[in-house]
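These notes are about the structure you will find just below.
The values are calculated or read from the model by the stated rules, or taken from the named source; none is laboratory data. Predicted model only: the values in this text are computed from it and were never measured. Here the Cβ positions follow ideal geometry from the backbone for every residue, glycine too, while neighbour counts run over all protein chains shown. These accessible areas exclude ligands, DNA and RNA; they are computed on the full protein's heavy atoms, side chains included. Shrake-Rupley method; radii C 1.70, N 1.55, O 1.52, S 1.80 Å.
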Amino acid sequence: MRSIQLFSILATVAAALPAQWALQTPSTAPPPRRAGAAAFDPISNRVIIYGGLITSPAQSINEMWAYNGSGDWSQVTATGASPRWGHQMVTDTTLNRLVTFGGRSPTINSLADDTLVWSGTAWQTVATANAPSPRFLHGMAYDAFRNRVVVFGGRDGFAPNNETWEFDGSDWTQIATPHAPAPREEMGMVFDTSLNRVVLFGGCDESTQTVYGDTWSYDGVDWTEVTPSNSPSPRFRGTMVYDSDRSRTVYFGGFDGTSTFNDVLEYSGGEWTVVPPAGAVPPNTTEGYAGYDPTRGVLVLYGGFGPTFSDETWEFTGNNDGVFSLYGQACDLVNGTPELDATTPNIGTNLVLTASNLGASTGALWALGFSDQFFNGVPLPFDLAVLGLPGCGLVTGADVINFSVASNGSASLSVPLPNQATLVGQSLFAQALPFDAGAFLGATRGGRALLGQ
């Protein structure tokens with residue numbers, strides 16, 4: 001086993017806390033509702049909810065409410081807000097505004113294709129030359145890397161579609177991707193800033209009664225299906241947000257057509273992890289309003305449908321456990337598929353990377369980097385034909401390169417992780433290339449170590 005010092009050591013003490021839900025008791029709160037939209041407003045530093053359905057009388061609404069994080073909701077006076085439900089709302093972090101599109105509006109059964117932006121006082125309609133067809137229950141995320149709002153799928157009539165559209169702030173463009181998820185609605189969809197990719201999970205096709213449990217990522221060019229070793233069961237109507245403090249996606253609840261779920265699932269760029277919270281969990285598990293408050297590091301969940309329409313406010317604080325996940329494809333020319341594994345990447349410990357199933361390999365070259373997208377300005381994956389590995393790809397930056405000797409078909413590398421709290425939520429990427437007699441024999445999948453504590 002080889003050891004390598006990758007970080008400078010700074011001794012700080014960081015306490016790890018369990019994941020937990022906390023029921024809030026605001027003095028004022030919106031009446032019960034479901035199937036509206038929520039997002040974090042960077043101007044007022046509040047989670048905003050807009051629209052939805054109420055039961056008595058059964059109708060869609062145009063109300064906006066803001067949650068200040070100290071226990072109170074306040075209604076927001078907003079001009080230009082038409083009643084709507086089944087829409088989505090995202091935060092444009094470049095222009096510091098909220099963007100919403102489509103939904104059932106202005107009546108409970110009509111369909112809209114309007115694009116509106118909110119800058120703190122009023123909704124303003126953006127007159128676009130092009131737009132997706134009127135639809136609702138679509139997926140929507142703001143790609144902060146490319147400054148684009150991305151819309152996928154949704155129901156625009158009697159069946160869902162699998163179209164991909166992007167809004168650049170003034171107009172919509174349909175993106176013809178080589179691959180795409182199957183047509184669907186009511187999926188979870190967010191942008192992961194640590195991966196610079198849109199993440200999509202689940203959804204359903206009501207026209208065929210199909211419920212999905214697949215995971216996809218979108219980089220602005222194509223959709224790629226992710227194949228985690230453990231995936232959530234198929235579901236739709238859950239809530240999904242990106243936790244920017246812990247660099248992972250959080251999905252709560254959902255419905256599979258028969259049963260509802262109240263579990264918390266987290267995605268870290270290749271794997272899903274079930275997170276058992278300590279204590280009580282929200283009963284309102286579908287069609288809730290969820291937004292992530294980065295100023296306090298909590299997921300805010302309001303309303304939705306559980307046993308009944310809900311007016312409860314819950315906050316979720318996740319744990320900071322490190323996660324190691326695999327991505328990309330392995331390749332081998334001689335010995336079979338080389339495999340990659342690692343210990344839990346928590347600060348203050350040694351991250352031990354192990355490449356196995358190396359056959360007669362005498363060693364492994366290790367590429368360690370801080371990106372899985374670029375290395376020295378070159379996009380990844382990089383074709384390794386130059387190393388005699390045609391069809392193999394380098395899927396991580398090689399900011400540090402090391403070698404370790406193989407024994408009994410495996411090779412290991414130890415990376416000390418300083419007990420430095422600022423490293424929590426950061427990523428280290430790794431890949432091993434087995435070799436023998438000076439020739440490379442293949443490459444493992446890439447591994448992402450999301451550092452925890």
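Hey, can you rank 398-407, 108-117, 211-220 by average C-beta count inside 10 Å, highest first?
On the way: 398-407: 15.6, 108-117: 17.6, 211-220: 19.9.
The peptides rank, most packed first, as 211-220, 108-117, 398-407.
Counting only protein heavy atoms, what percent of the accessible surface of the chain is carbon or sulfur at a 1.4 Å probe? The partial results should precede the final answer.
Values: 9330 of 17730 Å².
Carbon-and-sulfur percentage of accessible area, whole number: 53.
Size of the dipole of region 150-248 about the Cα centre, Lys and Arg at +1 and Asp and Glu at -1 on the beta carbon, nothing else charged, in debye to 20?
Working: 7 positive and 16 negative charges, 80 e Å.
Here the size comes out at about 380 debye.
Based on the Cα gyration tensor of region 40-195, what are the three equivalent ellipsoid semi-axes, each the root of five times an eigenvalue, rounded to whole Å and given largest first?
Details: eigenvalues 115, 78, 41 Å².
One finds semi-axes of 24, 20, 14 Å for region 40-195.
If you wrap region 275-400's Cα atoms in a convex hull and average its projection over all directions, what's the area in nm²?
Details: hull surface 50.0 nm².
Answer in nm², one decimal: 12.5.
All other residues with a Cβ under 14 Å from the Cβ of GLU185 taken together, and with Lys, Arg as +1 and Asp, Glu as -1, what is their net charge?
Working: positive: ARG104, ARG135, ARG155, ARG184, ARG235, ARG237; negative: ASP156, GLU163, GLU186, ASP205, GLU206, GLU287.
After counting each charged neighbour, the total is 0.
If a cysteine in the chain has no other Cys Cβ under 4.7 Å from its own Cβ, put it on the list, ordered by number.
CYS204
Strictly greater than 12 Å: what percent of every Cα pair in region 127-176 meets that? The partial results should precede the final answer.
Working: 743 of 1225 pairs.
I get 61 percent for the Cα pairs in region 127-176 exceeding 12 Å.
What is the diffusion coefficient of region 362-453 in µm²/s, taking the Kirkwood radius over Cα pairs and the Stokes-Einstein relation at 4 °C with a viscosity of 1.567 mPa s? Walk me through the numbers before you get to the answer.
On the way: Rh = 14.0 Å.
For these conditions, the coefficient is 93 µm²/s.
Taking the highest mean first, how do the peptides 51-57, 287-293, 269-275 order by number of other beta carbon atoms within 10 angstrom per residue? Don't jump to the answer; show the numbers that get you there.
Numbers: 51-57: 17.9, 287-293: 25.1, 269-275: 19.4.
Ranking the peptides 51-57, 287-293, 269-275 by packing returns 287-293, 269-275, 51-57.
For the chain, compute Rh as the Kirkwood radius over C-alpha pairs and then the Stokes-Einstein diffusion coefficient at 4 °C and 1.567 mPa s; write the answer in µm²/s, rounded to an integer.
Numbers: Rh = 23.0 Å.
This corresponds to a translational diffusion coefficient of 56 µm²/s.
What FRET efficiency, computed as 1/(1 + (r/R0)^6) with R0 = 35 Å and r the Cβ-Cβ distance, is obtained for THR77 and LEU23, rounded to the nearest 0.05? Please list the in-between numbers first.
Numbers: r = 28 Å, r/R0 = 0.81.
Between THR77 and LEU23 the formula returns 0.80.
If r is the Cβ-Cβ distance from ASN408 to SER229 and R0 is 30 Å, what FRET efficiency results, to the nearest 0.05? Each step should come with its number before you reach the end.
On the way: r = 24 Å, r/R0 = 0.80.
The calculated FRET efficiency here is 0.80.
What's the ranking of 119-126, 317-324 by average number of surrounding C-beta atoms within 10 Å, highest first? Show your work: numbers first, answer last.
Values: 119-126: 13.9, 317-324: 20.8.
Per-residue Cβ counts within 10 Å, averaged per peptide and sorted highest first, yield 317-324, 119-126.
Please list 3J(HN,Hα) in residue order for region 344-351, calculated via the Karplus relation 6.51 cos²θ - 1.76 cosθ + 1.60 where θ = phi - 60°; whole Hz, with x for glycine and proline.
5, x, 9, 4, x, 10, 9, 7
Quick one: 3J(HN,Hα) in Hz for region 106-111, Karplus 6.51/-1.76/1.60 with θ = phi - 60°, rounded, Gly and Pro as x.
x, 9, 5, 10, 7, 10
Using C-alpha positions alone, give me the convex hull volume of region 173-231 per residue in cubic angstrom. Present the calculation step by step, with values, prior to reporting the outcome.
On the way: hull volume 6.0 nm³, N = 59.
So the per-residue hull volume is 102 Å³.
Would you work out the charge dipole size for the chain about its Cα centre, treating the Cβ of every Lys and Arg as +1 and the Cβ of every Asp and Glu as -1, and quote it to the nearest 20 debye? Display every interim value, and only then the final one.
Working: 20 positive and 40 negative charges, 92 e Å.
Charge dipole, the chain, about its Cα centre: 440 debye, nearest 20.
Give me the number: length gained by fully extending VAL274 to PHE145, i.e. 0.36 nm times residue separation minus the C-alpha to C-alpha distance, one decimal in nm.
Values: separation 129, 0.36 × 129 = 46.44 nm, distance 2.82 nm.
Answer, rounded to one decimal: 43.6 nm.
For region 363-403, take the convex hull of the Cα atoms, compute a quarter of its surface area, and give me that in nm², please. List each step's numbers first, then the result.
Numbers: hull surface 11.6 nm².
Directional mean of the projected Cα hull area for region 363-403 stands at 2.9 nm².
Please list the equivalent ellipsoid semi-axes of region 151-200, computed as the square roots of five times the alpha-carbon gyration tensor eigenvalues, in descending order and whole angstrom.
On the way: eigenvalues 71, 44, 23 Å².
Values for region 151-200, descending: 19, 15, 11 Å.
So how far, in whole Å, is the C-alpha centre of region 337-378 from the one of region 54-133?
Each part's Cα centre sits 45 Å from the other's.
Kindly provide the pair-distance distribution of region 25-97 built from C-alpha pairs, with 5 Å bins from 0 and whole-percent values in order of increasing distance.
In whole percents, the pair-distance histogram is 4, 16, 25, 26, 18, 8, 2, 0.
In square nanometres and to one decimal, what's the mean projected area of the convex hull around the Cα atoms of region 145-257?
7.5 nm²
Could you work out the relative contact order of the chain, using alpha carbon pairs under 8 angstrom and six or more residues apart, expressed as a whole percent? Please report the intermediate quantities before stating the final value.
On the way: 1366 pairs, mean separation 67.7, N = 453.
After rounding, I find 15 percent.
Using the basic label-point model (7 angstrom from Cα toward the beta carbon), what is the SER110 to ASP341 distance in nanometres?
Rounded to a tenth, the inter-label distance reads 6.0 nm.
Placing one identical point scatterer on every Cα of region 193-345 and ignoring solvent, what is log10 I(q)/I(0) from the Debye formula at q = 0.09, 0.16, 0.20 Å⁻¹?
-0.32, -0.96, -1.38
Would you work out which of SER217, GLY297, PRO228 lies farthest towards the positive end of the dipole of region 204-297? Charges go on Cβ: Lys and Arg +1, Asp and Glu -1.
Checking the options against the dipole of region 204-297, the answer is GLY297.
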